[in-house]
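The values are calculated or read from the model by the stated rules, or taken from the named source; none is laboratory data. None of the values given here were measured: they were computed from a predicted structure. Every residue, glycine as well, gets a Cβ built from its backbone with ideal geometry; the counts of neighbours run over all protein chains shown. Calculation scope for accessible area: heavy atoms of the full protein, side chains included, ligands and nucleic acids excluded. Shrake-Rupley method; radii C 1.70, N 1.55, O 1.52, S 1.80 Å.
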Amino acid sequence: MAAVSVAVYVGVGARRGVPAAEVLELIERALTEAGAAGLRPAALVTVEAKASEAGLLEAAARLGVPLRSYGADALSRVAVPASSAAVLAAVGTPAVAEAAALLAAGPGGVLAVRKRKSARATCAVAYGPA
């Protein structure tokens, strides 16, 4: 029987100007909660409107992973346990972190850690095929 390879995807959302250190601390806590402490995620994933946010780009670079993004339309079609009217008004989708993590994980992806918040960022962790 062949071993199944699993990848970790971290969905991230952020307010403008969030520092990379805050994003990285939040990601570290979420990965620990997911039982993936010390593992490097396959990617950080966000909404297109935040893809040029310096703190997210720096966090991805420091982790040595790509920052991928999806359009608000694609994210809004992902069923998630939490949604926000404020996020919908700001970026056009009711959820970023959970939806992005699940979309990146692909069909059969599993949400390992629901949205976690810091002062200026959110993240969620999903497992999917590598």
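Of the residues making up segment 20-45, those that are in a helix (DSSP H, G or I) and in contact with a helix residue (DSSP H, G or I) (Cβ under 6 Å, 6 or more places away or on another chain) are ALA20, VAL23, LEU24.
Please indicate, with yes or no, whether at least one residue in segment 48-63 is touching a residue at least 60 places away in the same chain (Cβ under 8 Å) and not basic (Lys, Arg). Yes, because at least one residue in segment 48-63 is touching a residue at least 60 places away in the same chain (Cβ under 8 Å) and not basic (Lys, Arg).
Out of LEU88, LEU56, report the one residue that is outside any loop (DSSP other than H, G, I, E, B), over 23 Å from SER5 (Cα atoms), among the hydrophobic types (A, V, I, L, M, F, W, C) and open to solvent by 10 Å² or more (accessible area, probe 1.4 Å).
Details: LEU56 fails: open to solvent by 10 Å² or more (accessible area, probe 1.4 Å).
Going through LEU88, LEU56 in turn, just one is outside any loop (DSSP other than H, G, I, E, B), over 23 Å from SER5 (Cα atoms), among the hydrophobic types (A, V, I, L, M, F, W, C) and open to solvent by 10 Å² or more (accessible area, probe 1.4 Å): LEU88.
The set of residues in segment 9-19 that are open to solvent by 10 Å² or more (accessible area, probe 1.4 Å), assigned to a strand (DSSP E or B) and out of contact with any Ser or Thr (no Cβ under 9 Å at 6 or more places or on another chain) contains only TYR9. Do we find that ALA99 is touching a residue at least 40 places away in the same chain (Cβ under 8 Å), within 15 Å of the chain's Cα centre (by Cα) and under 16 Å from VAL23 (Cβ atoms) in this structure? So ALA99 does not fit the description; no. Scanning segment 59-77 for residues that are assigned to a loop (DSSP other than H, G, I, E, B) and open to solvent by less than 30 Å² (accessible area, probe 1.4 Å) yields VAL65, GLY71.
Taking segment 33-46, which residues are more than 15 Å from ALA7 (Cα to Cα) and either over 11 Å from the mean Cα position of the chain (by Cα) or surrounded by fewer than 22 Cβ atoms within 10 Å (Cβ to Cβ) (or both)?
Within segment 33-46, the first condition is being more than 15 Å from ALA7 (Cα to Cα), and the residues that meet it are 33, 46.
Correct list: GLU33 only.
The listed residues are GLU33, GLU48, GLU58, and the only one of them that is of a type in the set (Asp, Glu) and over 27 Å from ALA90 (Cα atoms) turns out to be GLU33.
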